[in-house]
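The values are calculated or read from the model by the stated rules, or taken from the named source; none is laboratory data. This structure is a prediction, so every number in the text was calculated from the model and none was measured. Heads up, the Cβs are rebuilt from the backbone with ideal geometry, glycines too, and the neighbour counts pull from every protein chain shown.
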Amino acid sequence: MNRCAALLSLAAQLLATTLPAAAQAQRNFPANALRGELMIQQPPQALLNGRPARLAPGARIRGADNLLQMSGALAGQRLPVHYTLDNAGHLMDIWVLTPAELARRPWPTTPQQASAWVFDPVGQVWSRP
């Protein structure tokens, strides 16, 4: 019985030390991710940069903690995000930004900017030509 308790204690300690490190890991965004401000209204309806938008079927929203969020739980909040669009122009992948991610500038807000700028996927930074 003591061995089981010791093993459980060791496992809990290992888990407690690895979780904070995983939560602080840098998220890697794809090169086609744009920055914007999202406000979910009545899902799947939303406002993206003040304009009407729609969540795609199967849209994934990751919170600042990188955990999946339900769109209804975020309704009415103005959120700084990175996002991608599906082929129909609907919001597909959404990441709610942390203050550190939001501080990374510049970041494109339009597809035209993204096609003209250069993206470093390792450093997760954009540079203007």
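Below is a table of values for the structure above.
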quantity	calculated
Options Arg60, Arg35; residue that is under 19 Å from Pro111 (Cα atoms) and either touching a Ser or Thr at 6+ places or on another chain (Cβ under 6 Å) or part of a strand (DSSP E or B) (or both)	Arg35
Filtered residue count, segment 1-55, keeping only those that are modelled with pLDDT under 60, of a type in the set (A, V, I, L, M) and within 19 Å of Ala100 (Cβ to Cβ)	4
Residue in segment 60-77 that is surrounded by fewer than 17 Cβ atoms within 10 Å (Cβ to Cβ), closer than 30 Å to Pro129 by Cα and in contact (Cβ under 8 Å) with a residue 12 or more places away in the chain present	no
Condition broken by Gly76, with the remaining ones in (1) assigned to a strand (DSSP E or B); (2) closer than 16 Å to Leu38 by Cβ satisfied	(1)
Segment 101-129 - residue that is of a type in the set (Gly, Ala, Ser) and loosely packed, with under 11 Cβ neighbours inside 10 Å and, of those, farthest from Gly58 (Cα to Cα)	Ser127
Answer from Ala88, Ala100 - the residue that is touching a residue at least 12 places away in the same chain (Cβ under 8 Å) and not β-branched (Val, Ile, Thr)	Ala88
